[in-house]
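Below: the structure, in structure tokens.
Laboratory data are not the source of any read-out in this text; all were calculated from the coordinates shown. In this text, all values refer to a predicted model and were calculated from it rather than measured experimentally. Reconstructed Cβ throughout: ideal geometry from the backbone, glycine too, with neighbour counts over all protein chains shown.
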Amino acid sequence: MDHSKAPVLEALSAYHESGQTPFTPPGHKQARGADPRVRAVLGDAVFHSDVLATSGLDDRRSSHGVLDEAQALMADAVGAQHTFFSTCGSSLSVKAAMLSVAGPHEKLLVGRDAHKSVVSGLILSGIKPVWVEPQWDAERHLAHPPSADAFAAAFEEHPDARGALVTSPTPYGTCGDLYAIAEVCHARNKPVIVDEAWGAHLPFHDGLPTWAMDAGADVCVTSVHKMGSGLEQGSVFHLQGDLVKPEVLKGREDLLGTTSPSVLLYAALDGWRRQMVEHGKTLYDDALALAADVRARIATIDGMRVHGRDDFCGPGRAADMDPLQIIIDITALETTGYRAADWIREHHQVNLHLSDHRRISAQLTHADDETTATVLLAALRDVATHAGDLRPAPQVDVPPPARLRLEQAMLPRDAFFGRTEQIPAEQAAGRISAEMLTPYPPGIPAVLPGERLTADIVKYLRTGVEAGMIVPDAVDTDVKTVRVIAEH
């Protein structure tokens, strides 16, 4: 296929050149109706490219096939059989994938380190999750994707499960053994979905971890806005093989997706594909070299340990890792990642990717260069110098892995929509949660609707919030009270 083409961008250009006058949404009518103060901030180009997908970018019958051609080019670029664009982020894409594999009251094997969007999919669909335990690093208090053996054991116990879902890479950049997991699933004629939201760049350089389609995944979800050049909410999901029908996947996406998709997001996805095909190898040569150099320089800063393959990969841990996710353990600075990240933002206007009770991280992409690396390194050196100002930091009481795991006492859907009450956190142990409680980022719930709360997990969340953890999806974000299933 001709990857010098960008069908959505070309259609936008033709729309502008043809001098069309819209009597359709969007109501700003090519910026003319937008508040001048808004235009001053956003610029008119945003409004000029914000056109209706049909009767705008394409005609009412979509007879020009603009989107179809753009999706076909994306599929060809990465070696998938089918690709679908989503303007509602991978949060929608992963739900569409789940609903294509299992339905209400059917079982789906799911890694317990799944993103909150997966749990939302369980709540909406009524799918019964069979949780597959991640590979826990008890020393570092970190979860890596579940092993193939763990999925095999779950299938042995639940042979009626319709398929499996694994998250790889994790927000910490660690990857599961997708080849082996796909083999486990396909030996049973079951599909595997890979939530690869953090891996949109993986197909475009052999120095990066193997991407899901090459490893045999049936459906793969990627967030182009995370590691690519897409705009926020720009996502694609890919399909191959015959275990999931393309018309079923598309139908599920239509069920969940917006009827007013943003052409801006389509255009960015289309342009990113062309950029990667034409320049991806060179861009990631540079990005990987920069990451190696940044890692080496951070390692010279007192009190900072940059995690690499020796820490994250090996038996009982991850199969691979993305070197562009720079994960830094700051335990030796005797403060928390929350405090360090907040201090860096306040004093250097640098926004780090994620932070937890002992780590901070910086996400590098093909957009970074020596200039941005210098800013990052200056901020890291400065926070290390001022670590004394960040002590003593409140301690987060993180339970050992065995005590982090909660009993699934009810289906997530039944608990979420059940009769509830709000009770003090100190009374919550033993009660069934009716809400998600999710330290964010990275957005992996510590508690799901339907799980039975324990004193350990409540203490973890309470001490976490006091130390700077954010739990945005809780009814009470301070977690002083918790929403639980009503007892009467």
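Here are a few things to note about the model shown:
- The distance between label points at R403 and K250 comes to 5.3 nm (points 7 Å beyond Cα on the Cα→Cβ vector).
- Ignoring the sites themselves, the chain has its longest run without GluC sites (Glu not before Pro) in a DSSP loop having at most 16 other Cβ atoms within 10 Å at 1-105.
- Region 239-386 - Rg (one decimal) and Dmax (whole number), Cα, Å: 19.7, 57
- Beta bridge orientation in region 13-164: antiparallel %, DSSP, nearest 5: 30 percent
- Taking every full run of DSSP H in the chain, the ones that stretch at least 20 Å from end to end by Cα along their long axis and average 0.0 or higher on the Kyte-Doolittle scale are 263-298, 370-385.
- Shape box of region 133-175 [Cα atoms, principal axes, largest first, Å]: 34, 19, 11
- Across all directions, the average projected area of the convex hull around the alpha carbons of the chain is 24.2 nm².
- With a cut-off of 10 Å between beta carbons, the residues surrounding R391 carry a summed charge of -1, where Lys and Arg count +1 and Asp and Glu -1.
- Using the Karplus relation 6.51 cos²θ - 1.76 cosθ + 1.60 with θ = phi - 60°, the per-residue 3J(HN,Hα) values for region 215-220 come to 8, x, 4, 8, 10, 10 Hz, with x marking Gly and Pro.
- Paramagnetic label zone (point 7 Å from Cα along Cα-to-C-beta, D149; backbone N under 15 Å) in region 314-339: 314-319
- With Cα atoms as the point set, region 1-51 shows a radius of gyration and Dmax of 13.1, 43 Å.
- The residues neighbouring A402, those whose beta-carbon lies less than 12 Å from its own, together hold a net charge of 0 under the Lys/Arg +1, Asp/Glu -1 convention.
- Chain lengthening between R61 and E10 when straightened (0.36 nm per residue, less Cα-Cα): 16.5 nm
- Rounded Å value of the spacing that divides the Cα centres of region 112-185 and region 453-486: 24 Å
- Note on region 136-273: Kirkwood radius taken over Cα pairs, Stokes-Einstein applied at 10 °C and 1.306 mPa s, translational D equal to 98 µm² s⁻¹.
- Estimated vicinal HN-Hα couplings, Hz - region 23-33 in sequence order (Karplus 6.51, -1.76, 1.60; Gly, Pro = x): 10, 9, x, x, x, 6, 6, 6, 5, 4, x
- A cut-off under 14 angstrom between Cβ atoms defines the neighbours of V119, and their net charge, with Lys, Arg +1 and Asp, Glu -1, is -1.
- Taking amide hydrogens as placed 1.01 Å from N in the peptide plane, the amide H of V447 sits under 5 Å from those of L437, each at least 5 positions away in sequence or on another chain.
- For region 102-258, the antiparallel share of DSSP beta bridges with both residues in that region comes to about 35%.
- Looking at the chain alone, DSSP beta bridges between its own residues are antiparallel in about 65 percent of cases.
- P(r) tail, region 342-488: Cα-Cα pairs separated by more than 20 Å, 54% of all pairs.
- Distant-in-sequence amide contacts of D397, defined by a placed amide H-H separation under 5 Å and a gap of 5 or more residues or a different chain, comprise T463, G464.
- Proximity of backbone amide H atoms, modeled 1.01 Å from N, is registered between A486 and R419, T420, E421 at under 5 Å, excluding neighbours fewer than 5 places apart on the same chain.
- Residue ranges 474-483, 236-245 sort as 236-245, 474-483 when ordered by packing (mean number of other C-beta atoms within 10 Å per residue, highest first).
- Annotation for region 293-349 versus region 380-443: alpha-carbon center distance of 22 Å.
- Distribution of pairwise C-alpha distances over region 408-452, 5 Å bins, in %: 6, 23, 28, 25, 14, 3
- Convex hull projection area averaged over all views, region 82-128, Cα basis, nm²: 3.4 nm²
- For region 39-129, projected area of the alpha-carbon convex hull averaged over all directions, nm²: 9.2 nm²
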